[in-house]
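Asker: Sharing a structure with you now.
The values are calculated or read from the model by the stated rules, or taken from the named source; none is laboratory data. This one's a predicted model, so the numbers in the text were calculated from it and none came from an experiment. Note that each Cβ is placed from the backbone with ideal geometry, even for glycine, and that neighbours are counted across all protein chains shown.
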Amino acid sequence: MKVHFETTGCRLNQIESESAARIFLDKSFSVSLSSFTAKSAVDPDIVLCVLNTCAVTQKAEQKNRRIIRLLLEKCPRAAVLVTGCYAQLSPENIESIDKRIAALPGLLKSRIEDVAAELSAFIAEKSEFCAADFAALLKAGICARAPEKSGFSENAFKLSTDSFLAHSRSSIKIQDGCNNACSYCTIHIARGHSVSLDARTVIDRVKQLESAGQSEVVFTGVNIGQYRGAYNGGYIDFAYLLKLCLEETSSICFRISSLYPEVADDFFCDVIKDCRVRPHFHISVQSGSDSVLKRMARAYTADDVRTACRKLSEAKKNPFLACDIITGFPGETDSDFEDTLSLCRDCGFAWVHIFP
């Protein structure tokens, strides 16, 4: 029996999807991770499709609905399990699309392990697989149970793996959720408050990767600047975690998926001078206009971004600096837009991820 995975959104979602795929492989299912297109052939062997969704923008939600309908068309025998942020925010709308669909809220996505066990048992008991019946079983059971703790991701770090099917570079999710409430973003609703993986677990996993011959690991999270990992009876931030990882390893290199400008303080920039920290920094900027940043409820100014980029460039010779920018934010003027262009030029961003 075959299980298919589709993922929308960030690298963090991709890591979680690969981890879930590993769970199904361990249950003796065959797994596919290649995305379907409108021209893809129908695959009658797939009994379950798992869609791990993003919901940062309205366009992302539209893309999710399009993929759901595509999966229903290309996999006529399959139940469709939709999880992630979109499933956290709009489960009823998702399930109304078709009776073969079950929505597993994003805060409960660690229960995918239970889904794998349930699918194995369901197939063993039935002479013929019925996707609608399996979806109904999930909706009445695994997807319906109340979360262990309201407002927090249940077992936020359960979906983790050190071996990947579609990526050559290992990743470790060290943080999830967000304590900010930016005016355009639903992440704090969809993923809950910030939670962090304890420092010793992170360090030990990095050492295991190094022992296994991995040359590089990527640290990922929703907001790495909010990392507060338990360590020796207290808590440490991301910069100190990175320092400890460097001290307790000898060869493995480190890459940071994304960071906020405030992370790049003097201590952080001193730590990243180590040659094993890759000179690649993606900064969550969004705008170069202070008035727009204020309406976005961001906690920094355009000059803070300039300062962060200057410090990063001083710490690492000619680093690759990238950023996110939202254009056309409600109320944005031509002058605001020019401020953003000026910021991008001043910082010398090598790549800009633009959200219109």
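Asker: Determine whether residue 22 is of a type outside the set (Ser, Thr, Tyr) and modelled with pLDDT of 95 or more.
Answerer: Against the criterion (of a type outside the set (Ser, Thr, Tyr) and modelled with pLDDT of 95 or more), residue 22 does not qualify.
Asker: hydroxyl-bearing (Ser, Thr, Tyr) and farther than 25 Å from residue 193 by Cβ: which single residue out of 110, 90, 96 fits that description?
Answerer: 96
Asker: Oh, and also: Kindly indicate which of 275, 309 is within 30 Å of residue 251 (Cα to Cα) and without any contact (Cβ under 8 Å) to a residue 24 or more places away in the chain.
Answerer: Residue meeting the stated conditions: 275.
Asker: Could you give every pair whose Cβ atoms fall below 8 Å, whose first residue belongs to segment 328-353 and is not assigned by TED's automatic domain parsing to the domain that holds residue 183 and exposed (fewer than 14 other Cβ atoms within 10 Å of the Cβ), and whose second residue is among the hydrophobic types (A, V, I, L, M, F, W, C) and modelled with pLDDT under 95, counting only separations of at least 6 or pairs across chains?
Answerer: Close Cβ pairs satisfying both conditions: none exist.
Asker: Over 16 Å from residue 94 (Cβ atoms), of a type outside the set (D, E, K, R) and not in a helix (DSSP H, G or I): is that true of residue 36 in this structure?
Answerer: yes
Each row is one residue, and each column tells you yes or no for (1) under 21 Å from residue 22 (Cα atoms); (2) surrounded by 15 or more Cβ atoms within 10 Å (Cβ to Cβ); (3) assigned by TED's automatic domain parsing to the domain that holds residue 49; (4) not hydroxyl-bearing (Ser, Thr, Tyr).
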residue	(1), (2), (3), (4)
78	yes, yes, yes, yes
88	no, yes, yes, yes
110	yes, yes, yes, no
114	yes, yes, yes, yes
122	yes, yes, yes, yes
125	no, no, yes, yes
128	no, no, yes, yes
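Asker: Just the residues that are more than 23 Å from residue 178 (Cα to Cα) and touching a Cys at 6+ places or on another chain (Cβ under 8 Å), please, taken from segment 272-308.
Answerer: Within segment 272-308, 276, 277, 278, 306 qualify.
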